[in-house]
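Heads up, the thing below is written out as structure tokens.
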Amino acid sequence: MFKSISKIFYFVYLPMAFLTLFTVYCLFTGIIPLYYLFGTLIMWTLVSGLGIACGYHRVFSHRTHKLPVWKENIILFFATFAGEGSSIFWTALHRGYHHPYADTERDLHSPVVYGSWHAYMGWLIQITENNVTVNVKYAVDLLRKPNHVWFHKQYLRILWGVPLLICLINWQLAFTCFFMVTFIGMTQDNLVNVLGHTKAFFGYRNFDTNDNSQNNIPLAYLTWGQGWHNNHHKSPASYDFGSGISGKWWEFDTCRLFLPFIK
């Protein structure tokens, strides 16, 4: 019934990369006024922060909170524009392949086993219906929820349809608040795959876990706490990836800002 999000590199990453380059050109040349970047910041907060880091990762994959359907739908809508697949795909990949087999051959995006390029993007190129299919049985709880199933089926229609409709009203808004935000979202979380398991660029460990997970201060503050990765692998069920696990005050998990919404 369900298939993995195949060829996402060709249908999402590449076109979003070209559209982002065009957007940056328009911003530098004045075709798009710089004040549109305020919209980019707001959408990045909703998409990468509330949608992925809070919703997909903490709430859905690790079940840190139980939300009413209307709150789930808000998260599912915004998370779609991160370009990282549906909640079912994301959760199945994270639960079934990353955490139980981190930095082994069964971890589909481990830089330790397969190298940095593979962890950043190569793994997405290889996931097709005929190659490395992500088994959605690892997200069986989400498969039982009609809203998650609907967003899973409509994923690409929402991802492209909403910004294309907005283009008819204001193309500058669509490019800065959707296309560019999607590329930023994909880039930052793929960098977590790489730097979250590589001792480079300020990487360090608080805990001796059974993997190569690393904390990374700059990455953590740029990815809504996802860069406190060693802490997270120590206590996956904790909503707070930062000081709530380590006790170090400077490891602030910015996803705590969304707690008033999800509680």
Return the total of residues in the range 79-122 being closer than 24 Å to Val140 by Cβ, surrounded by fewer than 24 Cβ atoms within 10 Å (Cβ to Cβ) and among the aromatic types (Phe, Trp, Tyr).
3
How many of the residues making up the range 31-71 are hydroxyl-bearing (Ser, Thr, Tyr) and buried (at least 21 other Cβ atoms within 10 Å of the Cβ)?
3
For Asn206, which of the numbered conditions (1) without any contact (Cβ under 8 Å) to a residue 60 or more places away in the chain; (2) part of a helix (DSSP H, G or I) fails to hold?
(2)
Within the range 1-48, of all residues that are outside any helix (DSSP H, G or I) and aliphatic (A, V, I, L, M), the one modelled with the lowest pLDDT is Met1
Given (1) crowded, with 24+ Cβ neighbours inside 10 Å; (2) among the hydroxyl-bearing types (Ser, Thr, Tyr); (3) without any contact (Cβ under 8 Å) to a residue 24 or more places away in the chain, where does Thr182 come up short, assuming only one miss?
(3)
Out of all the residues in the range 238-248, which are touching a Gly at 6+ places or on another chain (Cβ under 9 Å) and either over 17 Å from Arg63 (Cα atoms) or in a helix (DSSP H, G or I) (or both)?
Gly242, Lys248
Selection count where residues are in contact with a Gly (Cβ under 7 Å, 6 or more places away or on another chain) and not in a helix (DSSP H, G or I), scope the range 162-203:
1
Per-region count, the range 127-151, residues at pLDDT 95 or above, farther than 16 Å from Lys71 by Cβ and assigned to a loop (DSSP other than H, G, I, E, B):
1
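The values are calculated or read from the model by the stated rules, or taken from the named source; none is laboratory data. In this text the structure is predicted, and so the values were computed from the model without any measurement. Neighbour counts are summed over all protein chains in view; Cβ atoms, including those assigned to glycine, are modelled from backbone coordinates with ideal geometry.
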